[in-house]
Structure formats: structure tokens, C-alpha cells
1. Could you rank the peptides 297-303, 54-60 by their average count of other C-beta atoms within 10 Å per residue, with the highest value first?
2. About its Cα centre, what dipole magnitude does segment 1-76 give when the only charges are +1 on Lys and Arg Cβ and -1 on Asp and Glu Cβ, stated in debye to the nearest 20?
3. Determine, from the Cβ-Cβ distance of ASP13 and LYS274 and an R0 of 25 Å, the FRET efficiency 1/(1 + (r/R0)^6), rounded to the nearest 0.05.
4. Got the relative contact order for segment 136-249 handy, in percent, Cα pairs under 8 Å and 6 or more residues apart?
5. Counting only C-alpha contacts under 8 Å and six or more residues apart, can you give the relative contact order of the chain as a whole percent?
6. Treating only the Cβ atoms of Lys and Arg (+1) and Asp and Glu (-1) as charged, compute the dipole magnitude of the chain about its Cα centre; round to the nearest 20 debye.
7. If you plug each phi of segment 151-159 into the Karplus form 6.51 cos²θ - 1.76 cosθ + 1.60 with θ = phi - 60°, what whole-Hz ³J(HN,Hα) values come out, in order, with x for Gly and Pro?
8. Can you find, among GLY205, GLY166, GLY242, the residue farthest towards the positive end of the dipole of segment 164-258? Put +1 on the C-beta of Lys and Arg, -1 on that of Asp and Glu.
Amino acid sequence: MSTTTFRTAVVRDPRGPESVEIVDVSVREPGAGEVRVRIEAASVNPADVWVADGFFHSIGLVTQPEHTGLGWDFAGTVLSAGEGVDIAAGTRVAGIVPGFDRDFGSYAEEIVAPVAWVAVVPDGLDTAAATTVPLNALTADQLVGLLGEGDGRRLLVTGAAGAVGGFVVRLAQQRGWAVTGLARPSDEAFVRGLGAEFTADDTAGGWDAVADAAGLQENAAPLVRDGGLFVGVRPAVLPEAGPGVTVRAVSVEPDAARLAALLDATARGDLPTKVAAELPLDAVVEALQTVNKGGVRGRVVLRP
Ligand SMILES: NC(=O)c1ccc[n+]([C@@H]2O[C@H](COP(=O)([O-])OP(=O)(O)OC[C@H]3O[C@@H](n4cnc5c(N)ncnc54)[C@H](OP(=O)(O)O)[C@@H]3O)[C@@H](O)[C@H]2O)c1
């Protein structure tokens, strides 16, 4: 690699994981309010597979003329900081690249990002674990914000053993919800370990609220009792629900202050994080294929 370019994974013609390629792009220095970060870990999320296979192109969320960048999460070390930024070079940070329609992402050796997208990683949290936090903990936090205070009411969290769902279980309990996690039978110990009740029955209804972290949509909305609340993770398509049911969906936004708090909570062990595998950037196709197959517990993390 020359010092004027860095490597990043992109998709030009999205036909699945195999269509992802690594290209060289130009280095740039950060402007005012930006940081340049050497990326040391970037998690592979299910939505990255749906960028690579063209799903988000097909619904009009991606219209890049040349290539589309991959990856929302990153963790690494600040190389330099622009004017007005009070994070010093050498500081470990984690961050989120928001949105879909972009020619850059976190599957890269480096990134220049607004400081509003990043937060400092506490000493007790290693870099691979830190990269599993931004997208999914912020999504969970903002989803629980839509739920509001539980006051002891009964909440079903679908996909409770997944990345978003595991964070929702813990954060919803902190807001006073009596949480039951819906997950596969083999995930029972993990869900109970989060302090929640467990069910593998995805047909039993009557819940005061459902947080649909598995994206079950029309299969989960009917599980809410009349007058209850459904909060989903697919803002583009809200499912039909029963009488008087309020239906909402989260669309994650960067929030540096909340991200800092979520990283601290993860470092303390209050929030779950799991790294399933670590792979070099050159193994990006294999990483996406693994996630595409499903059934992975914890995040596959690229180490550029
Ligand atoms: N709106 C936003 O801003 C936003 C942001 C981040 C993520 N998301 C979305 O959130 C969803 C979850 O993401 P994630 O990263 O948490 O995925 P994940 O880690 O794969 O978790 C999903 C979990 O749900 C489980 N599951 C699926 N169907 C189930 C069923 N019928 N019963 C029990 N468990 C079931 C899966 O088990 P198996 O693996 O065994 O199927 C998996 O454990 C995705 O759709 C993602 O795109 C949205």
C-alpha cells in the first residue's frame, strides 16, 4: 500500500458476497469537526449482505453511480483530528457510518468521519468487542426509546439472542419492562443469562409490547395485545397490527454521547458482546458468505 491510498471493500454490481471487491482509494486529511481513523476492526452485519446482494438497491435506498461502500461499524485508532476536535491522535475510538447510499464504509483500512459518529473506547474493552457495539447497541437504545418506560409491563423481544435483540433485552429491563426473549431453543441459557424470561414459541400472543429485533414483521405484530405497542427494525415497511396497536420502527442515527455510554456499559459487562470470528479484510467474501448462511452467534469481525 502506498501512503497516498488505502484499501477498502466495495460492491459495483451487487450479486451477493462474491461480487464484493477490494479497491484502492485516496487518503484524505480530516477537515474541521472530523477525525481520520485507522480501522482495526469492522463488524459484518446482516444488512451488509443485503447491500452486497442488491436488496437495498432494489428498493431505491442505494443509487451510487460507481461503487457502494460496505460496513457500518468500526473501531480503531485516531490518526489525526481536524480543527475543533478534542480527541487526540492515538486515542482508540469506535463509530458508526450511518445510511445506505454511500461510496465508502467501514470495511476499510481507514476512514475520515465526523466526530459526531464516534466515541472513545474505554480501556477495559478490546477493539474487536468494541466494533460490535455502535450499530446494534445504538439501534437497540433508540428502539427502547420508542418503547418508553415499561412500568412492569410485559415485553416480548424477538431475536433475543441476536446482536440487536441482546442489547434490547438488557436496555428494556433498565427501563422497567418485564422482558421475555424469543429465541431458538439452543439460545435459552444465553437469554436467561441476560436476566430475561425465555420462550421459543413465536405464535403465543397477548404481549403489552413487542420489540421485533428479529424483523419478523407481520408474524410478530399480531402477538401484541389490543391497544399495545409494536416497535420494529424495518422502517421502510410497517406491518399490519391488531386493533389500537401503535406501530413504530427505528431507523438508527449516530449519537456520540449515547455511544460513549453504551461502550462504557459494555466494558462493565452490563451489555452483551460476542465476537464469533476475526478475519482479515482479504477474507471479506468469506465473511459475508458466513453471515449470509445464518445461524452465527456473535459478530464476524474484519481486521483490516
Ligand atoms: N432499522 C435500523 O436502524 C436497524 C439497525 C440495525 C439492524 N437492523 C435490523 O435488525 C435485524 C436484526 O439484526 P441483528 O444484527 O441483530 O441480526 P442477528 O444477529 O442475525 O439476530 C437475529 C436473531 O433472530 C433470530 N430469529 C430469527 N427468526 C426467529 C424466530 N422465528 N424465532 C426465534 N429467533 C429467531 C435469529 O436466529 P437464527 O440465526 O437461528 O435464524 C438470530 O439469532 C436485522 O433485520 C437488521 O437489518 C435495523
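1. Details: 297-303: 22.1, 54-60: 14.6.
Going by the mean number of other Cβ atoms within 10 Å, highest first, we get 297-303, 54-60.
2. On the way: 6 positive and 11 negative charges, 28 e Å.
Dipole of segment 1-76, to the nearest 20 debye: 140 debye.
3. So the FRET efficiency works out to roughly 0.15.
4. On the way: 273 pairs, mean separation 26.5, N = 114.
It rounds to 23 percent for segment 136-249.
5. On the way: 767 pairs, mean separation 57.0, N = 304.
Relative contact order for the chain comes out at 19 percent.
6. Numbers: 24 positive and 39 negative charges, 97 e Å.
That gives a dipole near 460 debye.
7. Working through the residues one at a time gives 6, x, 6, 8, 10, 9, 9, 7, x Hz.
8. Comparing the listed Cα positions along the dipole, GLY166 ranks first.
Every number in this text was worked out from the coordinates using simple rules, so none of it is lab data. Being a predicted model, the structure only gives us computed values, none of them experimental. Counting neighbours? That spans all protein chains shown, and the Cβs are built from the backbone with ideal geometry, glycine included.
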